[in-house]
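**Q** My questions all concern the structure below.
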Amino acid sequence: MSEDRRVLGRRTPRNEDPRLLTGRALFVDDVQRPGMVHVAFVRSPHAHARLGAIDASAALQMPGVLGVYTADDLGDYWQPGPLLVPPPPVSGMEFHERTQVPLARDKVRHVGEPVALVVAESRYLAEDAVEQIFVDYEPLPAVVDLVAALEPDAARVHDDLDSNLAAFVPQSRGDYAAARAEAHLVLARTFDYDRGASAAIENRGVVAEWDPREDRLTIWDTTQAPIPVRNGLAAMLGLSEHQVHLIAPFIGGGFGPKIMMFYPEEVLIPWLALQLGVPVKWIEDRSENFYATTQERGQIHEAEIAVDTEGRILGVRDRFLHDTGAYDPYGLTVPLNSQCTLLGPYRIPAYDSEMRAVFTNKTIVTPYRGAGRQHGVFVIERLLDLVARELDLDPFEVRRRNFLQPEDFPVDQTIIYQDFQPLVYDSGNYEPLLDQARQRIGWDQFLESEQPNARAEGRLLGIGVVAYVEGTGIGPFEGARVQIQTSGRVTVVTGVGTQGQGHYTVLAQIAAEQLAVPVTSVDVITGDTDQFHWGTGTFASRGAVVAGNAVHAAAVEVRAKTLAIAARLLEVTEDELELVDSEVRVVSDPTRSMALGTLAAEANPMRGAVTPGTEPGLEATRYFGPHRGATASGAHAMVLEVDPETYDVTIHRYVVVHDCGRILNPLIVDGQVHGGVAQGIGNCFYEELVYDENGQLMNASLMDFLLPTSLDVPRVEVGHEETVSPLNELGTKGAGEAGAIPTGALFAQALENALDLPGLEILQIPLNPSKLWHLVQRARAAHTSAG
Amino acid sequence: MNEPNPTREIEFEVNGTTFRRAVEPRRLLSDFLRHDLGLTGTHVGCEHGVCGACTILLDGQAIRSCLLFAVQIDGAHLTTVEGMTPEPAAPMHPLQQAFQRHHGLQCGFCTPGFLMTLLPFLEENPDPTEDEVRHAISGNLCRCTGYQHIVDAVLGWARERAAAAAEGEGREPTP
Ligand code: FES
Ligand code: FES
């Protein structure tokens, strides 16, 4: 049996699944309270307009309507939201904080911005009443296009600012001008990476209930950050933190936008519950989700690369615009990620980057899976492909020549990352990733026979390979409490919250490994501020790393306490004992043993006293705060086919070789990678938020915004390398976003390879068959006129 | 309420239990199941018939409960995900077990819809190819899994079922 004892690193099925599979798991919309009333919002139909009178008199006469609220009814509670992430400590930086408000006053700045709310006995009645609220709008020109937004005569999203510039962050190292002067080749291009929506299948929702007997407010919220939301709401509502009980139950997919706080609805529903003294519920519907849940992705990069005769990078210069939407509550996390991740796994001696964040009359931008890393990867990978084309190198060779080498680590990139620490890569070994990807995708055979054979039949097959790094597992901290119950079961309590990443299982595995119990004997409790009230939340692929290491530290301590008490009771020394199969036994005489549950009871005596300097119970609480993030890495490869008539694309093979340090549960990591790739593919070819020149979103339904289906997502083959992180005991790095990050760059390269047209360069994402057709026509025309 | 909306009496069966209820004609079946009957295992992701999260069985056929009104189920027999494993303590339905074994769910929000779509499909086609499975679930959206482990779960279920059937007939399962 002993070889079976290790539970970390095994493909362990999940503890949380039975509840979810049988329909017993609690999601926010499942919360039903006696006397509960319902809210619907009046949202702006204009992207940019001055707000006039709001006439709710007809609505207030309607049956079942309990009240209508506008900004003026909120009194002092009306406040712009907090700035979640302050600007980074970078010299020469400029930042204009303009955060969202609970209900618009004076002016609306994006379609879907809430203007008023109705409370009624049912959601149906509340929505009826929304139709009867009449708002005067004076439409203003909408700021939609990123480049035009910075023109001197552009309309201004925020009247009190001189322009639509939200932020400016220059970061550089080395001497780019010198690098350029000595370069053999300099290539410059413009890259355009447009918006998409995270589109979790569960929309957002909030339920709040004030209990006047206990003077406590309970809130159920679809948030990725239960503890910070609790702390913030307590402060806003003038309650102490212990009076607010925030529950983030099962969450139907997060992907980033559910960590945004505070959404207007999140601020308003708890306030209403206090005002009205009855439970209040609001559940977002899908069309609201398209306007009111944060989005990501719009950036335009003007980038230039300078290389020597061998294709070695001497320097990169980048000037980019980042669309932050109507407000910037999340600071500069997304564009900083882009700015930093552009450096990738490569040695780039000179880097000169300037980011400009721009206010537009569109939905707010906050991190969505990848959180800006895609853009950086897209730019550097595409530049390398262009270099390879000019110098006649293959995609492996141009990357290999530029990779950081294992002996270079730790690598200090000297620029400032999203956690405000200098960007330092902890560990990595990149060549094996490429080699493994090459092998698994069958690169050589594809080029030798598969592709030429297909071409002979008139079929357009293409192949590609890209590499990337991903900063994961950043601070500040998470905590965990581990306790052995007298039943012998183990409880792990933490604050991170979970949206499907398998925390109920991975955290259980970590405790089970230390305490020698089955994973199914560990109950993980998370997302409930009454159970654990310190923590930050689930973002930046940090759950398994940060909370995992806190659980590990607490479990190590509980293990030590367990051995100490067992040694006393069994009258042996601790090193004569082992923990096996939920009990402690004497190694030389396994008949002398005590069950963990018994030891837990002994540690909580009914008589006598707890020995001075010790604590009752077999329990420990520990915190883990990584000094800086761990850098994961990987390579993706794909084979795709373009239909020469329709320009539809089919992906035939997809390989991910991934290094997230030590792997805690390969089954779960594979799932994370599959899901990330599916989102990446959607982002490349199916999903695009189409705004017209008035800032109207033209495709705000799942009928028109196409999420990839089971027929669009290929089988993904996952290979692992394990370069452990020296930054934490478990040696692990985050895995949550890896699948989604390099897909665009890969897709573009494989398309160019399939179409094999001189002059065809794919420098934009998302694509679709018609955009692809246009690019091909343009390349053909240019070629003919040139030739 | 000062002017109650008119309601209609309906009688129907859900997961083997018969109900008589008065409902407002405009009430969606998905809302009725979730909020009036408390059967919250059926989820709602779009309310416009695209995501499939609200799929249930109506007289054995997979349908989207957000596209029907509750009044339309008068006289019908419905099955929801709660009907697959009626006793919380009992072992789960083999298809649910296969989903767990193959990690066919992450957030689990879409999962009841997938299970309900698959039940009648597998009844008709208990030994599907991967392609057939992918077509069968192509009307259900999952944002977490990339579908691969869902497909694996279904194919795994079919393999195990075939093996068990072979054993039941006294033959050795095919190696
Ligand atoms: S909720 Fe019915 S199909 Fe989406
Ligand atoms: S498991 Fe989350 S949507 Fe399918």
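The values are calculated or read from the model by the stated rules, or taken from the named source; none is laboratory data. Note that the structure is a prediction, hence the values are computed from the model and not measured. Note: ideal-geometry Cβ built from the backbone for every residue, glycine included; neighbour counts use all protein chains shown. Note: accessible area is taken over every heavy atom of the protein model, side chains too, but ligands, DNA and RNA are not part of it. Shrake-Rupley method; radii C 1.70, N 1.55, O 1.52, S 1.80 Å.
**Q** Mind listing whichever residues of the range A:185-203 are within 16 Å of ligand 2 (Cβ to nearest atom) and not small (G, A, S)? I'd like the intermediate steps shown before the answer.
**A** Taking the range A:185-203 first, the residues within 16 Å of ligand 2 (Cβ to nearest atom) are A:197-203.
Result: A:I201, A:E202, A:N203.
**Q** Another question about this same structure. With respect to A:A47, determine if the residue is assigned to a loop (DSSP other than H, G, I, E, B) and within 30 Å of B:R34 (Cβ to Cβ).
**A** Values: assigned to a loop (DSSP other than H, G, I, E, B): yes; within 30 Å of B:R34 (Cβ to Cβ): no.
So A:A47 does not fit the description; no.
**Q** Could you tell me which of the residues A:V718, A:V669, A:V724, A:V713 is under 16 Å from B:Y147 (Cβ atoms), more than 9 Å from every other protein chain (Cβ to nearest Cβ) and of a type outside the set (D, E, K, R)?
**A** The unique qualifying residue is A:V718.
**Q** Take the range A:275-324 and flag every residue that is in a helix (DSSP H, G or I) and among the aromatic types (F, W, Y).
**A** If we filter the range A:275-324 for residues that are in a helix (DSSP H, G or I), which is where we start, we get A:275-276, A:286-292.
The answer is A:F290, A:Y291.
**Q** To continue, here is another question. Out of all the residues in the range A:204-262, which are within 14 Å of another protein chain (Cβ to nearest Cβ), more than 16 Å from ligand 2 (Cβ to nearest atom) and either part of a helix (DSSP H, G or I) or open to solvent by 20 Å² or more (accessible area, probe 1.4 Å) (or both)?
**A** Residue satisfying the conditions is A:W220 alone.
**Q** Across the range B:39-52, what is the number of residues that are open to solvent by less than 10 Å² (accessible area, probe 1.4 Å), within 11 Å of ligand 1 (Cβ to nearest atom) and in contact with an Asp or Glu (Cβ under 8 Å, 6 or more places away or on another chain)?
**A** Total meeting the criteria: 2.
**Q** How many residues does the range B:33-46 hold that are of a type outside the set (A, V, I, L, M) and more than 16 Å from ligand 2 (Cβ to nearest atom)? Spell out how you get there, then give the answer.
**A** Just the residues of the range B:33-46 that are of a type outside the set (A, V, I, L, M), to begin with: B:34-36, B:38, B:40-43, B:45-46.
Applying the additional criterion that residues be more than 16 Å from ligand 2 (Cβ to nearest atom) yields B:34-36, B:38, B:40.
Residues flagged as of a type outside the set (A, V, I, L, M) and more than 16 Å from ligand 2 (Cβ to nearest atom) within the range B:33-46 amount to 5.
**Q** Here's another thing I want to ask about it. Which of (1) open to solvent by less than 10 Å² (accessible area, probe 1.4 Å); (2) within 13 Å of chain B (Cβ to nearest Cβ); (3) more than 30 Å from A:L579 (Cβ to Cβ) does A:R14 not meet, given it meets every other one?
**A** (3)
**Q** Are there strands (runs of 3 or more DSSP E) fully within the range A:458-538 with at least 3 residues that are within 30 Å of A:R438 (Cβ to Cβ)? List them.
**A** Values: elements: A:460-472, A:478-484, A:490-494, A:522-526.
Here the list reads A:460-472.
**Q** Check B:D36, B:D74 and return the single one that is open to solvent by 40 Å² or more (accessible area, probe 1.4 Å), on the phi < 0 side of the Ramachandran plot and away from chain A (no Cβ under 14 Å). Explain how you work it out, then say what you get.
**A** On the way: B:D36 fails: away from chain A (no Cβ under 14 Å).
On inspection, the qualifying residue turns out to be B:D74.
**Q** How many residues does the range B:94-153 contain that are within 10 Å of ligand 2 (Cβ to nearest atom), of a type in the set (V, I, T) and either over 16 Å from the mean Cα position of the chain (by Cα) or open to solvent by 10 Å² or more (accessible area, probe 1.4 Å) (or both)?
**A** Within the range B:94-153, residues that are within 10 Å of ligand 2 (Cβ to nearest atom), of a type in the set (V, I, T) and either over 16 Å from the mean Cα position of the chain (by Cα) or open to solvent by 10 Å² or more (accessible area, probe 1.4 Å) (or both) number 1.
**Q** Kindly provide the set of residues from the range A:386-403 that are buried (at least 18 other Cβ atoms within 10 Å of the Cβ) and either more than 30 Å from A:V90 (Cβ to Cβ) or at pLDDT below 95 (or both), ordered by number.
**A** Those that are buried (at least 18 other Cβ atoms within 10 Å of the Cβ) and either more than 30 Å from A:V90 (Cβ to Cβ) or at pLDDT below 95 (or both): A:A388, A:L393, A:P395, A:F396, A:V398, A:R401.
**Q** Now for a different question. Please go through the range A:173-185 and pick out each residue that is surrounded by fewer than 17 Cβ atoms within 10 Å (Cβ to Cβ) and either of a type in the set (G, A, S) or without any contact (Cβ under 8 Å) to a residue 60 or more places away in the chain (or both). So that I can check it myself, show each step before the final result.
**A** Of all residues in the range A:173-185, those surrounded by fewer than 17 Cβ atoms within 10 Å (Cβ to Cβ) come to A:174-175, A:177-178, A:181-182, A:184-185.
A:G174, A:A177, A:A178, A:A181 - these are the residues of the range A:173-185 that are surrounded by fewer than 17 Cβ atoms within 10 Å (Cβ to Cβ) and either of a type in the set (G, A, S) or without any contact (Cβ under 8 Å) to a residue 60 or more places away in the chain (or both).
**Q** Among the listed residues A:L185, A:L146, identify the single one that is of a type outside the set (V, I, T) and either touching a Lys or Arg at 6+ places or on another chain (Cβ under 7 Å) or more than 30 Å from A:Q679 (Cβ to Cβ) (or both).
**A** Values: A:L146 fails: either touching a Lys or Arg at 6+ places or on another chain (Cβ under 7 Å) or more than 30 Å from A:Q679 (Cβ to Cβ) (or both).
Within the list A:L185, A:L146, the selection yields A:L185.
**Q** Return the total of residues in the range A:675-708 being more than 16 Å from ligand 2 (Cβ to nearest atom), in contact (Cβ under 8 Å) with a residue 24 or more places away in the chain and within 9 Å of chain B (Cβ to nearest Cβ).
**A** Adding up the residues that qualify gives 1.
**Q** Quick one: in the range A:159-202, of everything that is within 16 Å of ligand 1 (Cβ to nearest atom) and in contact with a His (Cβ under 9 Å, 6 or more places away or on another chain), which residue is farthest from B:Y147 (Cα to Cα)? Walk me through it before giving the result.
**A** Going residue by residue through the range A:159-202, those that are within 16 Å of ligand 1 (Cβ to nearest atom) are A:197, A:199-202.
Next, only the ones that are in contact with a His (Cβ under 9 Å, 6 or more places away or on another chain) stay: A:201-202.
Working: A:I201: 14, A:E202: 17 Å.
Filtering first and then ranking leaves A:E202.
**Q** Another question, then. Take the residues of the range B:2-33 that are more than 13 Å from chain A (Cβ to nearest Cβ) and among the charged types (D, E, K, R): which is surrounded by the fewest Cβ atoms within 10 Å (Cβ to Cβ)?
**A** B:R20
**Q** Given A:A292, A:A225, A:A273, which one is under 20 Å from the mean Cα position of the chain (by Cα), in contact (Cβ under 8 Å) with a residue 40 or more places away in the chain and closer than 22 Å to A:V37 by Cβ? Let's see the steps before the verdict.
**A** Numbers: A:A225 fails: closer than 22 Å to A:V37 by Cβ; A:A273 fails: under 20 Å from the mean Cα position of the chain (by Cα).
Going through A:A292, A:A225, A:A273 in turn, just one is under 20 Å from the mean Cα position of the chain (by Cα), in contact (Cβ under 8 Å) with a residue 40 or more places away in the chain and closer than 22 Å to A:V37 by Cβ: A:A292.
**Q** With the checklist (1) part of a loop (DSSP other than H, G, I, E, B); (2) over 33 Å from the mean Cα position of the chain (by Cα); (3) surrounded by 16 or more Cβ atoms within 10 Å (Cβ to Cβ) in hand, flag the one item A:G67 doesn't pass.
**A** Just one mismatch for A:G67, condition (1).
**Q** Looking at (1) open to solvent by 50 Å² or more (accessible area, probe 1.4 Å); (2) in contact with a His (Cβ under 8 Å, 6 or more places away or on another chain); (3) not hydroxyl-bearing (S, T, Y), which is the one condition that is false for A:Q483?
**A** Tallying (1) open to solvent by 50 Å² or more (accessible area, probe 1.4 Å); (2) in contact with a His (Cβ under 8 Å, 6 or more places away or on another chain); (3) not hydroxyl-bearing (S, T, Y), A:Q483 fails exactly one: (2).
**Q** Let me ask something else about it. Suppose the filter is touching a residue at least 12 places away in the same chain (Cβ under 8 Å) and among the β-branched types (V, I, T); does A:V584 pass it? Break it down into steps so the answer makes sense when it comes.
**A** Numbers: touching a residue at least 12 places away in the same chain (Cβ under 8 Å): yes; among the β-branched types (V, I, T): yes.
Answer is yes for this residue.
**Q** Among (1) away from every other protein chain (no Cβ under 13 Å); (2) without any contact (Cβ under 8 Å) to a residue 12 or more places away in the chain; (3) not aliphatic (A, V, I, L, M), where does A:S44 come up short?
**A** Answer for A:S44: the failing condition is (2).
**Q** Something else now. Identify, by number, the condition in (1) of a type in the set (D, E); (2) within 12 Å of chain A (Cβ to nearest Cβ); (3) more than 20 Å from A:R24 (Cβ to Cβ) that B:D59 doesn't meet.
**A** So the condition that B:D59 fails would be (2).
**Q** Follow-up question, since we're still on this one. Is it fair to say B:G139 is in contact with a Cys (Cβ under 7 Å, 6 or more places away or on another chain), within 16 Å of ligand 1 (Cβ to nearest atom) and farther than 22 Å from A:V669 by Cα? Write out each step before concluding.
**A** Details: in contact with a Cys (Cβ under 7 Å, 6 or more places away or on another chain): no; within 16 Å of ligand 1 (Cβ to nearest atom): yes; farther than 22 Å from A:V669 by Cα: yes.
No; evaluated as a whole, the condition is false for this residue.
**Q** Could you tell me whether B:C66 is more than 13 Å from the chain's Cα centre (by Cα), of a type outside the set (A, V, I, L, M), within 15 Å of ligand 1 (Cβ to nearest atom) and surrounded by 22 or more Cβ atoms within 10 Å (Cβ to Cβ)?
**A** Working: more than 13 Å from the chain's Cα centre (by Cα): yes; of a type outside the set (A, V, I, L, M): yes; within 15 Å of ligand 1 (Cβ to nearest atom): yes; surrounded by 22 or more Cβ atoms within 10 Å (Cβ to Cβ): yes.
Here the answer is yes, as B:C66 does meet what is asked.
**Q** Filtering the range A:25-36 down to residues that are facing chain B (nearest Cβ under 7 Å) and part of a loop (DSSP other than H, G, I, E, B), which residue is farthest from the chain's Cα centre (by Cα)?
**A** Top of the filtered list is A:Q32.
**Q** Based on what the data block shows, is A:D106 over 22 Å from A:L321 (Cα atoms) and surrounded by fewer than 19 Cβ atoms within 10 Å (Cβ to Cβ)?
**A** Details: over 22 Å from A:L321 (Cα atoms): yes; surrounded by fewer than 19 Cβ atoms within 10 Å (Cβ to Cβ): yes.
Spelling it out, A:D106 is indeed over 22 Å from A:L321 (Cα atoms) and surrounded by fewer than 19 Cβ atoms within 10 Å (Cβ to Cβ).
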